[in-house]
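*Asks:* Let me begin by handing over the structure; questions about it come next.
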Amino acid sequence: MDRTLKSLSLTLSYPTRALQEAMPEIGGVLASDTRLTAATRRALRPLVEDIAQSDIYDLEERFVMLFDRSRTLSLNLFEHVHGESRDRGGAMVSLMETYRDAGFEPVTSELPDHLPVLLEFLATQPFAEAQDTLADAAHIFQALAKRLDRRESPYAAAFAALLQLSGRTADIEAVRDLLNEPETDPNDLEALDAVWEESEVVFGPDPNAGCPQVREMLSRIDTPVTPAPHHAAE
């Protein structure tokens, strides 16, 4: 089990009192992983403390406003690639098959492409394979980190950490494309309804859905990436 990927999965999950109680241990894991630079580990500290110490109702409200009511901050990765198109449904069916072939059965109401679910799965895989998958989503992590930074949200640090663990530098054009998508005010319910009013995600047999590896399941996320510059020990 990769404890850092598991810890990031939990950190990006809907906040609960149980999660708050676990944050000191989660923070210890994140603070001790030398795959992350010292600067990245320091940046994660305010997020860990915020989740651990804030009022649970405030945490829940902020989480919903960020990730559930803002499509451009969605934790469902295929949302940033397929939107609500039929292609997304086929990709998720195949991703679910990949989970099951590896003996991983998500016990959750979340969709298969939900980032905390994917991270929990990757935590059980060899890191080289997990890193390949993270690299495929590097541009999404970069875009989400930038959007959250603009909102002065401590959650930005979690996406910066995932980008660093991917070992890649996100493709600039792909990041720009994501950042060019208009943001909707989460308090404007009519605008939100209009944004979400797209074609239904369809699940079920897909003649093109085989049983490929997770990396292939994220092939539509894949963009050209370049090796990240070497970080000197901090």
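The values are calculated or read from the model by the stated rules, or taken from the named source; none is laboratory data. Bear in mind the structure is a predicted one, so any value in this text is a computation, not a measurement. Quick reminder, even Gly has a Cβ in these numbers, built from the backbone with ideal geometry, and neighbours come from all protein chains shown. We work out accessible area using only protein heavy atoms, side chains counted, and drop any ligands, DNA or RNA first. Shrake-Rupley method; radii C 1.70, N 1.55, O 1.52, S 1.80 Å.
*Asks:* Residue by residue through the range 1-32, note down the ones that are crowded, with 19+ Cβ neighbours inside 10 Å and of a type outside the set (A, V, I, L, M).
*Replies:* Correct list: 2, 4, 7, 9, 11, 13, 15, 27.
*Asks:* Anything in the range 33-52 that is in contact with a Pro (Cβ under 7 Å, 6 or more places away or on another chain) and either among the hydrophobic types (A, V, I, L, M, F, W, C) or open to solvent by less than 20 Å² (accessible area, probe 1.4 Å) (or both)? List them, or say none. Break it down stepwise before answering.
*Replies:* Taking the range 33-52 as the starting set, the residues that turn out to be in contact with a Pro (Cβ under 7 Å, 6 or more places away or on another chain) are 46-47, 50-52.
Result: 47, 51, 52.
*Asks:* Take the conditions modelled with pLDDT of 95 or more, more than 20 Å from residue 10 (Cβ to Cβ) and surrounded by 19 or more Cβ atoms within 10 Å (Cβ to Cβ) and apply them to residue 161. Does it pass?
*Replies:* No.
*Asks:* Could you tell me which residue of the range 11-23 is nearest to the chain's Cα centre (by Cα), considering only residues that are assigned to a helix (DSSP H, G or I) and closer than 12 Å to residue 47 by Cα?
*Replies:* That would be 11.
*Asks:* It is to be established whether one or more residues within the range 94-101 are farther than 18 Å from residue 4 by Cβ, open to solvent by 50 Å² or more (accessible area, probe 1.4 Å) and in a loop (DSSP other than H, G, I, E, B).
*Replies:* no
*Asks:* Of everything in the range 111-160, what is more than 22 Å from residue 180 (Cα to Cα), without any contact (Cβ under 8 Å) to a residue 12 or more places away in the chain and not in a helix (DSSP H, G or I)? Give them in sequence order.
*Replies:* The one that is more than 22 Å from residue 180 (Cα to Cα), without any contact (Cβ under 8 Å) to a residue 12 or more places away in the chain and not in a helix (DSSP H, G or I): 126.
*Asks:* Within the range 7-28, does at least one residue satisfy the condition of being at pLDDT below 95 and among the hydroxyl-bearing types (Ser, Thr, Tyr)?
*Replies:* No, because not a single residue in the range 7-28 is at pLDDT below 95 and among the hydroxyl-bearing types (Ser, Thr, Tyr).
*Asks:* Determine whether the range 68-76 contains at least one residue that is in contact with a Phe, Trp or Tyr (Cβ under 8 Å, 6 or more places away or on another chain) and open to solvent by 30 Å² or more (accessible area, probe 1.4 Å). Give the derivation first.
*Replies:* Within the range 68-76, the first condition is being in contact with a Phe, Trp or Tyr (Cβ under 8 Å, 6 or more places away or on another chain), and the residues that meet it are 71, 73-75.
Of the ones still in play, those that are also open to solvent by 30 Å² or more (accessible area, probe 1.4 Å) are 71.
For the range 68-76, residues in contact with a Phe, Trp or Tyr (Cβ under 8 Å, 6 or more places away or on another chain) and open to solvent by 30 Å² or more (accessible area, probe 1.4 Å): present.
*Asks:* Yes or no: residue 109 at pLDDT below 95, open to solvent by 10 Å² or more (accessible area, probe 1.4 Å) and either over 26 Å from residue 26 (Cβ atoms) or not aliphatic (A, V, I, L, M) (or both)?
*Replies:* Yes.
*Asks:* Also, quick follow-up: Can you spot a residue in the range 179-188 that is surrounded by 14 or more Cβ atoms within 10 Å (Cβ to Cβ), part of a helix (DSSP H, G or I) and at pLDDT below 95?
*Replies:* yes
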